[in-house]
1. When residues of region 140-165 are filtered for being in a loop (DSSP other than H, G, I, E, B) and either within 26 Å of Y284 (Cβ to Cβ) or at pLDDT below 50 (or both), how many remain?
2. Evaluate the following for I245: is it within 33 Å of the chain's Cα centre (by Cα) and open to solvent by less than 60 Å² (accessible area, probe 1.4 Å)?
3. Look through D401, D346, D407 and report the one residue that is in contact (Cβ under 8 Å) with a residue 40 or more places away in the chain and surrounded by fewer than 17 Cβ atoms within 10 Å (Cβ to Cβ).
4. Could we say that F382 is open to solvent by 20 Å² or more (accessible area, probe 1.4 Å), part of a loop (DSSP other than H, G, I, E, B) and touching a Pro at 6+ places or on another chain (Cβ under 6 Å) here?
5. Mind checking which residues of region 386-406 are part of a strand (DSSP E or B) and over 14 Å from P370 (Cα atoms)?
6. Would you confirm whether any residue within region 424-440 is polar (S, T, N, Q), exposed (fewer than 15 other Cβ atoms within 10 Å of the Cβ) and part of a loop (DSSP other than H, G, I, E, B)?
7. Which residue out of F280, F256, F266, F218 is without any contact (Cβ under 8 Å) to a residue 40 or more places away in the chain, open to solvent by less than 60 Å² (accessible area, probe 1.4 Å) and among the aromatic types (F, W, Y)?
8. Return yes when N366 is under 21 Å from L434 (Cα atoms) and either touching a helix residue (DSSP H, G or I) at 6+ places or on another chain (Cβ under 8 Å) or of a type in the set (G, A, S) (or both) and no when it is not.
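The values are calculated or read from the model by the stated rules, or taken from the named source; none is laboratory data. All of these numbers come straight from a predicted model, not from anything done at the bench. Quick reminder, even Gly has a Cβ in these numbers, built from the backbone with ideal geometry, and neighbours come from all protein chains shown. The protein model used for the area step is the full one, side chains on, heavy atoms only, and it has no ligands, DNA or RNA in it. Shrake-Rupley method; radii C 1.70, N 1.55, O 1.52, S 1.80 Å.
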Amino acid sequence: MLKRFEDNELGESISRRVAYHCTTEYAKSSKATCRGCHTNIEQNELRLALMLQDEEGYKNTAWMHFNCFWKHPETKKLDGIHEIHNFSKLKPADQEKISTVFENLKVNKSTTKRKRKVSSKKNGNDDSSDEEFTPKSKVVQTTMRIYIILLLIVSLYYRGTVALQLEFYPGTQTYHQTGSRFNNTAWIVVTQDPSERYLTYGPYTNAWNTTASSRVDFYLGVDNITGDSSNLLTVDVNDADKDHILTSRNISRLDFGYGNIQSQIFSLYFTSTIGHKLEFRVFYHCCSSIVHYKTVVNELDGGGLADIFIGQAGLELVSSSVFPTPQGDPSSTAMWNVGTYIKPLDGRWYVFYREGFYAPTPAFCNGIVPLTRIAVRNSTDFGKTWSEPAVVALPGNSTFDNCAALDGAPFFDNDTDSWHYLAQCIGNNRRWSLCHYSRSGRNPMSGPFIPNPKNPVIQGGQLWSRICSGTGKHCTLTMYDEGTPEIIEKMN
């Protein structure tokens, strides 16, 4: 029999260290089985989970389909969306769907309140009637609780669903001075078309009803990226009511990363006046074939980054830290001990970095790298101060890793409560490869990670040999080893 964690059981031990009763996400694969109907949950489908335990106290993440979730008896104990971990990361439509269910549950609860007989003595007469009765102290407690829940709902709903977005497809509009329709919804200009004209202007929208910081993304493609550095395009945001350009930038051929008219995003940041008609324009100068695929306008979240983007805020140095190797020469290790990666978890910041010169470098590593390992420290004050280091990964005993394990990226798997680290490794074979290390538990400082028996998980040259093969590539003869990896997401 599975039941939901009680509040005093949350965070009791490493195996149960969660701060929520419920979580949600989009399924990463189609392997998970719904605890309600016992059928598979399809990849990318919205799913919810209750944090349940059996009689022996073992934690279970019980994933369910959206409809199955609300049929589970433990779901009725949830008070609102504030108890759903990752709710703010959902799509606005899915947030609204969940919020609506909670509103309906709230109505159902209010119509099934417990009633009891109460007596009233008036003018010496005993009259009995069915009245809704709740102890006074209970009324106060319930009212306060509902008030707090509503505040949280309003806050999350605003941040998750009110942000504006507009999308325009130039091929479906008439605002062009040169070029022609391309693939139904895009617009293309070629070298034979008139130059120094607007490829796209308009659409004179007054639907941008916000004064918040905003971003417009122009999806553009160019025929080739070799040649001179003269400007091909100018993109801007124009207030048509004032005939005033709010922001603009020039785009040269060298600003594109891809040829063959592959779509690439060019962004501008702006603020505007509510009710004014806005244009998002692409001006074509000359000498290239260019496609305008679409324009997307987004309201930013209003946080600090938004202010930085529009030049109304800056960065201030809070602290500076140097991590010399213990017992090492600070002048040499301070230059080498870099490659940092900061990962927040459970109220702490963990900084992972390379740590060289921790022991004499073997002769067979001379001319390659100093003997180097990966270390980690933690901070509880947002990086102002850092703990002493703990070792994450050490050089191994094989020719592919007996000189160094360094750089790379950490990843914490919430589903399995385990850490993973993908690093560069090298040995006296003088080829950079990628090595994988892991350990269970939420604390990455409780002991060295365990090397994967299949290391190196990517051989030196295994990726670049594919990336650089074929015509039209831009790899040099020195591009033959693997670069610094980044773990993006867990796929299964």
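1. The qualifying residues number 1.
2. On the way: within 33 Å of the chain's Cα centre (by Cα): yes; open to solvent by less than 60 Å² (accessible area, probe 1.4 Å): no.
Spelling it out, it is not the case that I245 is within 33 Å of the chain's Cα centre (by Cα) and open to solvent by less than 60 Å² (accessible area, probe 1.4 Å).
3. D346
4. On the way: open to solvent by 20 Å² or more (accessible area, probe 1.4 Å): yes; part of a loop (DSSP other than H, G, I, E, B): yes; touching a Pro at 6+ places or on another chain (Cβ under 6 Å): no.
It is false that F382 is open to solvent by 20 Å² or more (accessible area, probe 1.4 Å), part of a loop (DSSP other than H, G, I, E, B) and touching a Pro at 6+ places or on another chain (Cβ under 6 Å).
5. Here is the first cut: in region 386-406, the residues part of a strand (DSSP E or B) are 390-393, 404-406.
Answer for region 386-406, where residues must be part of a strand (DSSP E or B) and over 14 Å from P370 (Cα atoms): A390, V391, V392, A393.
6. no
7. Going through F280, F256, F266, F218 in turn, the sole match is F256.
8. no
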